[in-house]
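Data block below; observations after.
Where a number appears in this text, it was derived from the coordinates with a stated rule and is not lab data. It should be emphasised that the depicted structure is a prediction, and the values quoted were computed from it without experimental measurement. All Cβ positions, glycine included, derive from the backbone under ideal geometry; neighbour counts span all protein chains shown.
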Amino acid sequence: MASSMYVFQISGIKIRTKKRKLVHGIQQLGGKYIGGSVYQKGSTHLIVTQVLSSEKFLAACAAGKWVVTPEYVLDSVKSGSWLAEGPYEVAISPGSAAAFYPVRQWREKVASGSLVGAFQGWRVLLMVQEPGRRAMFKRILKAGKAKVYRCPPSPHATITHVMAKPVTENSKTHNAPCYPVTHIVQHLFGSHCVDMNFNIKDEPAEAQQASFVGVDFSELETELREYVIKREGRTRLVFLEFLGYHDPYRPHSQAAEADFSNVGSMIECGLFVEALDSIRSTVFPGLLPPAPYLVSLLEYALQGDAPSFFFRNFQQVLHSLLMTNPPWLAPSTVKKYFSQVLQCPQCKTGLWPFLETAIRYCLSSEDTCHPLPGPTLPTLLRFYSDILAFVLKLFQGELHSVTTGDSLLPQGVRVSQASASGSLLYATFWTVWERTTLLSRAVKQLTQLLVQASVWEQAAMEDHTERDARQKLRLVENLLDLLSVMVEFWCQQHFKLNQNLVEKGLKDLAEHIAVISQDVSPVVLVELVVRIPSTRLKLVTADAMFRNLCCRNGLTVGDEPLSLKKMVSSYLLALGSLGESPRRADLRGEPISHSWTSQGTGSGIQSSSVNETSPGKENIPRGLNRVNAAGETLLHRACKRNQVETVLQILALPGTDVNVKDHAGWTPLHEACNHGSAACVEALLRHRPAPHLHNQVGGVSPLHDALLNGHMDIAKMLLEHA
């Protein structure tokens, strides 16, 4: 009996010793192991180390089977009997959110009898050319209880889905909506497929099993992906996935007609969960559920009484709408549809007030469009954060469509300037009278909230409140991305028509950010500027903050654009005055000298530096090969005393090492810059080979030496030489 209840398959574990240990444990407890590289419907459990893109994982999910980690078997062996599977169910943790169990919703529905499989009721015409791939997709669909037909289907077959790889015009001619095979993943995991970030592999399962035995490439790919996302600090926009669906400009002539009358009745009776489940299955290209129904469901969610899975399902519906009906490719009616849905259901004042409320709720601010449930609810906090991320993705799509023009759009579709100016992004941040300025009222409010969120993030990190720090970190990243997308979109619209207008708009915005953040800690400001994704916004913001800092310290910086001339002529004076640091004294032992010699060696050094010549060696300075207690050569000592004639004599000798270092690591160029020996610096720079300008001791380069000691003429000389 036990063997029929515990039938295992394993996926993603390539290390033979580990796999052998699991199989031995299964058999020890009376279970059964089924090998092979494909999914077997007789299995009850699947063992994986993490979420995979394998056939076994997708099929087990669709069939509602248990998907557990290897620790389930190992711990069960230790206890001597099978344990409860719940604590070992595979999960993912996207960012700061709670763990998401990708298989649980389908397993619970199958166990309760409400469904027999994730694809119940599907009648799929599978149009995949490669035989091995077609067999794999057929097994996945049949695991979820879908009925699969071969092309061409019988005349009496009723088709609900056409799944093709690749999607061709022929696949769109059947009397059913057409999807790419990636719709399987979208249906199983909804919006979480972005966090899971995988695609169904292109190779047949048999080939995957046979190649590279002993190497877990899935784990390696996951680690690389997490590393890249962490380095970039934001989730990449995969714009092409928006274009993998049917073109909304040409909706299906035989699109499935959905009956939404029952949904309205459910909402009137307060059955919001059931109404949302009905809407989830009726989102197709060219087919939109009535906006008032979504507004009612959103209002129910914002009351704070909805279960956690309701928030997740609502996000899945929004992402499905965006994927199947992207507003930047659709008629103006679709833009109006999103505008009607994405606003506060009570105030109904537009998208920006709704976003502002979401941001302020995440910041625990009471200044919102209307009173919200309090104290702060974790589920509602997560929901508002997801709304902000969703709107960001929508705006990124609009920016991408304008940036790429016609290169990535479906044939026959063009994004004109008129449609771009009528976009949701434009309508959100600018009124009709504000479109010639970058610094609109909504943009000012966004920058104010960004600065406030940055301060909150720093405070949370200093207090070691890790959960709050992660939440604020994600909020700051989303706000920075939102501001950058908005700036890039506005610049794209106006750059070709009026470049001066764009430059003035960027300058005004940067100065506004500098003014509202002048009381913020420099540590926060540095981190804030570094994390701005838009390069042009990052440059003008850094320039504005620097000029604001100089102005408050009584220094003048020119208004000309960023250039080497401005760096040398204007920034240099400011750096010399503002860059004073105690680090130099810590490194050197005394404030203005590199010399660490004692008084007892002073007379010897002085006598050795006298420029005397012997009768037989008139061109060789006396004491050339002598090194004092600090390791300083005659070239070091001549540079310290600005004895340019001695320096020229030494440099004229063959084999002279111009980069020779004393015991502390200082070079002759360091000493000349430190002591203000401008003539010696000029002589060293003219020498060939030239001295290394990047030699550092404790982070102090020759340029640092000149700046820290106020030798601006030498610093300018070094910059011009470099």
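Any idea how far apart His156 and Ser308 come out in nm if each label point goes 7 Å out from Cα toward Cβ?
Using points 7 Å along Cα→Cβ, the separation is 4.9 nm.
From the P(r) of the stretch 6-45, can you give the percent of Cα pairs sitting at distances over 12 Å?
Tail of P(r) above 12 Å: 57 percent of Cα pairs.
Provide the gained length on full extension for the span Lys109 to Cys269, in nm with one decimal, where the gain is 0.36 nm per separating residue minus the Cα-Cα distance.
Net length gain for the segment: 55.3 nm.
Would you mind giving the three semi-axes, in whole Å and largest first, of the ellipsoid equivalent to the stretch 674-722 according to its Cα gyration tensor?
After scaling each eigenvalue by five and taking roots: 16, 13, 9 Å.
Can you work out ³J(HN,Hα) from phi for every residue in the stretch 431-440, in order, using Karplus 6.51 cos²θ - 1.76 cosθ + 1.60 and θ = phi - 60°, giving whole Hz and x for Gly and Pro?
Computed from phi, the couplings for the stretch 431-440 are 7, 4, 8, 9, 6, 8, 10, 7, 8, 7 Hz.
Determine, from the Cβ-Cβ distance of Thr168 and Arg552 and an R0 of 56 Å, the FRET efficiency 1/(1 + (r/R0)^6), rounded to the nearest 0.05.
0.30
May I ask you to evaluate 6.51 cos²θ - 1.76 cosθ + 1.60, the Karplus curve with θ = phi - 60°, for each residue of the stretch 345-351 and list the ³J(HN,Hα) values in order in whole Hz, giving x for glycine and proline?
Once rounded to whole Hz, the list reads x, 8, 7, 6, 10, x, 6.
Give me the number: length gained by fully extending Asn642 to His694, i.e. 0.36 nm times residue separation minus the C-alpha to C-alpha distance, one decimal in nm.
Length gained between Asn642 and His694: 16.5 nm.
For the pair Asp713/Leu377, report the inter-label distance in nm, with labels modelled 7 Å from Cα in the Cβ direction.
7.3
Give, in nm to one decimal, the length gained when the segment between Asn175 and Ile15 is fully stretched (0.36 nm per residue of separation minus the Cα-Cα distance).
52.9 nm
Stokes-Einstein diffusion coefficient for the stretch 2-112 at 4 °C in a medium of 1.567 mPa s, Rh from the Kirkwood formula over Cα pairs: what value in µm²/s?
It diffuses with D of about 91 µm²/s by this estimate.
When N counts the residues of the stretch 489-537, how does its alpha-carbon radius of gyration compare numerically with 2.2 N^0.38 Å, as a ratio?
Ratio of Rg to 2.2 N^0.38 Å for the stretch 489-537: 1.34.
Pop out the Kirkwood hydrodynamic radius of the stretch 614-721 from its pairwise C-alpha distances, inverse of mean 1/r, in Å to one decimal.
13.9
In this model, which of Lys18/Lys138; Lys348/Lys393; Lys335/Lys507; Lys41/Lys147; Lys19/Lys41 are farther than 25 Å apart at the alpha-carbon?
Lys18/Lys138; Lys335/Lys507
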